[in-house]
Every structure is written in structure tokens, then in C-alpha cells.
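Colleague: A single structure is presented below for examination.
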Amino acid sequence: MTSVAVLCSGGDAPGMNAAVRSLVRNGLQQGYQMLGVEDGYAGLIKGRMVALNSLSVADILNRGGAFLGSARSPEFMTPQGLHAAVANCHKHHIDVLVVIGGDGSYRGAATLVEQGIKVIGLPGTIDNDIGCTDYTIGFDTAVNTAVEAIYRLRDTSSSHHRASVVEVMGRHAGYIALYAGIAAGADMILLPEQPVAAEAVASELLRHQRAGKDHQLIVVGEGWGNSEELAKYLHQTTGIRINHDVLGHIQRGGEPLPMDRIHASCMAQYAIQLIAAGKLNELVGWRAGEYMSVPIAVGSAEIKPIPASMVDLAQVLSH
Ligand code: F6P
């Protein structure tokens, strides 16, 4: 009997549970034995597997987080850790390992492939920064959470005629900042991909003030730089009172929105179809409105630039 194991890796993302549920139920339909690995690669190293049946994935569709647990595992990057992980795949007779995670998790998956383990990747990260797919599971929910929080912050900064500097997640990628910034009507959006000097931010703030704006919103993508220092600098140089807030991990939690549940369910179904067709070592994605896959060696090397037209749009809308 074909045995398929699934793990969640890296930062959790809303919709990971929906992906596991769909994977398990589609896998059982094919007659596969389904296993869950607890706590990502860390659990694989320790051989922490649980058998999954249809009931074990009941009532998780709407649950945030990853019920199997997720982890970043420095040990997996060591030769000993990798060796233990591979040994456990053999010991538990895993024919295919499905990895749900972001780019770091995909690099881990590529290492396993080099060791002869068969892998399928599903894109699960709030950052939406995986090159070989237009969408990653969790992004829509995270953007929605960010926009909702930003609107609360807007209420108070507008009452007090202050500027609000809000940091959103995205260590390397500005997708959350760009989408949340546009959706929340930001006056400025600072992206990790586009270095901008604090001096330029200060003069823009003053320009907006001269144009009559008595409150402003600056959305900062985490990887752009230190938003707290920026807020202090802006206050010192412009005299404008600034609120500074970091939304942080609140963006990773919470019930997945329908968009994430649907993408997760469909991508997992696609993964099982790949396994059934014997097309392995692939990364599943969604491109131009269709589910698709690319070989792991190709897909993990792809980079995803920030959409220039949306950056231009944000600029125009802020005037
Ligand atoms: O999972 C992606 C992400 O949320 C990034 O946006 C963020 O930079 C990072 O994870 C934070 O990771 P951790 O929870 O390990 O600090």
C-alpha cells in the first residue's frame, strides 16, 4: 500500500489544516495509507508520526495554526539531522512526503530529494513569496487580519491627528505590506524589496501634511528596516506625532478565510493526483487561474518580484 506522510514546516499559515484535511481525504480515496509528521522536520528527525484517518482531520477546516505542529528546525540542516530524517522515512515506509511550507521548507524538501526521498511541496506561508506560484496558502487571511488591525489604528491616529507607522510581516517579501497597504489606503508603503532612506520618508510625510492631510498611514514591511527607529526619526525631524505599532504574529493566527480553505483544499487534491500519476518531486502552485506543478529543482530556484504596477498604483493612490 502506498504510504503518504505530510508535515507542516516553517511559520504556520491559516489554511494549513484545510490542506492536511484535503490531502488525507483525497489520499484515503485513492487507497493510500496517510501519516502525519508532528512539528515539521524536527518531528521527522525524531520519528514522530501519527496515523491519520478521515475522522482525525474532522473539524479542522476552520481552525487556524497547524494542528500537526510546525517548526523551523536548525538540526535538520546538519548532516546528522538530515540522516535521521531520511532514516525515519525508510523506517516508516514513507513512499511520498508532502511538505507544506515556505521557501525554507522547500529547500529542506530539495535536500531530501537529493537523498532519494520522494517529495511533493504545497505552498503554505502568509508571505506569498514563493516564485513558482501566484498564491500561497494563508496570504489572504493574513492580509485581511492586517487590514482590519490597520483600520483600528487609523481610527485612533485620525482622532489625534497623528501619523501611524504600522509594521506588517514579511522578512524578505513585501506582499503583505503592498496588499494591506493598498487595501487600507496607506499614504506610504515601505517594502523590503525597495530601499528608501528615512530622510525621503520624512520629506514625503511633510509634503502630505502641506497638502492638507492631518493624519497619515505608513505601512512598513518587516524586512524594510527598523520601523521603531523610523517612527522616532520621523517625530524628531518633522515634529509630527507618530503612533508606532508592530502587528507581529497576530497575522499568522486566526480562522482561514474561504479563499485559503479553497486553495488549500484544491492544491492538496492536486498533490494527490500527482502522486497517483507517479509525478513526484514537484511543487504545486496556482498560476494564471489554474493549479499546476513544477519540478522541485526548477520551482525552488524561481524568484517572485513584487508587482511593479501595484507599486505604481500605491503611489498614485496616496496622492
Ligand atoms: O512565516 C513567515 C513569517 O511570518 C514572516 O513573515 C516573518 O518574518 C517570520 O515568519 C517570522 O518568523 P518567526 O515566527 O519564526 O519569528
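Values in this text are rule-based calculations from the coordinates and carry no lab data. Since the structure is predicted, the reported quantities are computational estimates derived from the model, not experimental observations. Cβ placement follows ideal geometry from the backbone for every residue including glycine, while neighbour counts extend to all protein chains displayed.
Colleague: Please report the relative contact order for the stretch 163-299, taking Cα pairs under 8 Å with a sequence separation of at least 6, and give it as a percent rounded to a whole number.
Modeller: The value is 27 percent.
Colleague: Among the aspartates and glutamates, select those whose C-alpha is under 17 Å from the C-alpha of LYS213, and discard any that sit fewer than 8 residues away in the same chain.
Modeller: Straight-distance partners of LYS213: ASP155, ASP187, GLU204.
Colleague: Please grab the % of Cα pairs in the stretch 51-105 that end up more than 12 Å from each other. Walk me through the intermediate numbers first.
Modeller: Numbers: 1138 of 1485 pairs.
Summing the P(r) tail past 12 Å for the stretch 51-105 gives 77 percent.
Colleague: A further question follows. Would you mind calculating the relative contact order of the chain from Cα pairs under 8 angstrom and at least 6 residues apart, reporting the percent as a whole number? Mind dumping the intermediate values first?
Modeller: Numbers: 712 pairs, mean separation 72.9, N = 319.
Once divided by the residue count of the chain, the mean separation gives 23 percent.
Colleague: Compute the FRET efficiency between SER159 and ASN226 as 1/(1 + (r/R0)^6), taking r as their Cβ-Cβ distance and R0 = 30 Å, and round to the nearest 0.05.
Modeller: Numbers: r = 27 Å, r/R0 = 0.89.
The computed FRET efficiency comes out at 0.65.
Colleague: Can you list the GluC sites (Glu not before Pro) in the stretch 242-313 that are in a DSSP coil and have 14 or fewer other beta carbons within 10 angstrom? List each step's numbers first, then the result.
Modeller: Values: sites: GLU282, GLU290, GLU302; in loops: GLU302.
Those satisfying the criteria are GLU302.
Colleague: Separation between the LYS213 and THR78 pseudo-spin-labels, each 7 Å from Cα along Cα→Cβ, expressed in nm?
Modeller: 5.0 nm
Colleague: May I pose another question? Under the rule of at least 5 residues apart or a separate chain, name every residue whose amide H is placed under 5 Å from the amide H of VAL6.
Modeller: Those qualifying (amide H under 5 Å, at least 5 residues apart or on another chain) are LEU35, GLY36, VAL37, VAL98.
Colleague: Do the alpha carbons of any pairs in LYS279/LYS304; LYS91/LYS279; LYS91/LYS118 sit beyond 20 Å of each other, and which pairs? Before the final figure, lay out each step's value.
Modeller: Working: LYS279/LYS304 24 Å; LYS91/LYS279 23 Å; LYS91/LYS118 14 Å.
Where the Cα-Cα span goes over 20 Å, the pairs concerned are LYS279/LYS304; LYS91/LYS279.
Colleague: Semi-axes, largest first, in whole Å: what does sqrt of 5 times each Cα gyration tensor eigenvalue give for the stretch 172-277? Write down the numbers at each step before the final one.
Modeller: Values: eigenvalues 283, 38, 30 Å².
The answer is 38, 14, 12 Å, longest axis first.
Colleague: Rg/Rh for the chain: what does it come to with C-alpha atoms and Rh from Kirkwood?
Modeller: Details: Rg = 21.4 Å, Rh = 20.5 Å.
We get a ratio of 1.05 for the chain.
Colleague: Using Stokes-Einstein with the Kirkwood hydrodynamic radius over Cα pairs, what translational diffusion coefficient do you get for the stretch 1-42 at 4 °C and a viscosity of 1.567 mPa s, in µm²/s rounded to a whole number? Walk me through the intermediate numbers first.
Modeller: On the way: Rh = 10.9 Å.
Approximately 119 µm²/s, per Stokes-Einstein.
Colleague: Go ahead and collect, in residue order, the members of the stretch 142-168 whose backbone nitrogen is under 14 Å from a label point 7 Å along the Cα-Cβ direction of VAL196.
Modeller: 164-168
Colleague: Show me the trypsin sites (Lys or Arg not before Pro) within the stretch 213-279 that DSSP assigns to loop and that have at most 16 other Cβ atoms within 10 Å of their Cβ.
Modeller: Numbers: sites: LYS213, LYS232, ARG241, ARG252, ARG261, LYS279; in loops: LYS213, ARG241, ARG252, LYS279.
Listed in order of number, the matching sites are LYS213, ARG241, LYS279.
Colleague: Going out from 0 in 10 Å bins, what whole percent of all Cα-Cα distances in the stretch 232-319 drops into each bin?
Modeller: 12, 22, 32, 18, 12, 4, 0
Colleague: Fewest Cβ neighbours within 10 Å first, please rank MET16, MET259, MET169, MET1 accordingly.
Modeller: Values: MET16 31, MET259 16, MET169 26, MET1 7.
Taking fewest neighbouring Cβ atoms as first place, the list is MET1, MET259, MET169, MET16.
Colleague: Next question, about the same structure. Can you give me the angle between helix 79-91 and the longest principal axis of the chain, using Cα atoms only, in degrees from 0 to 90, rounded to the nearest 10?
Modeller: 50 degrees
Colleague: Which trypsin sites (Lys or Arg not before Pro) in the stretch 138-203 pass both tests, a DSSP loop state and at most 15 other beta-carbon atoms within 10 Å? Show your work: numbers first, answer last.
Modeller: Numbers: sites: ARG152, ARG154, ARG162, ARG171; in loops: ARG162, ARG171.
Qualifying residues, ordered by number: ARG171.
Colleague: Taking every DSSP beta bridge with both residues inside the chain, roughly what % is antiparallel (nearest 5)? Can you show the working numbers first?
Modeller: Working: 9 of 40 bridges.
DSSP beta bridges in the chain are roughly 20 percent antiparallel.
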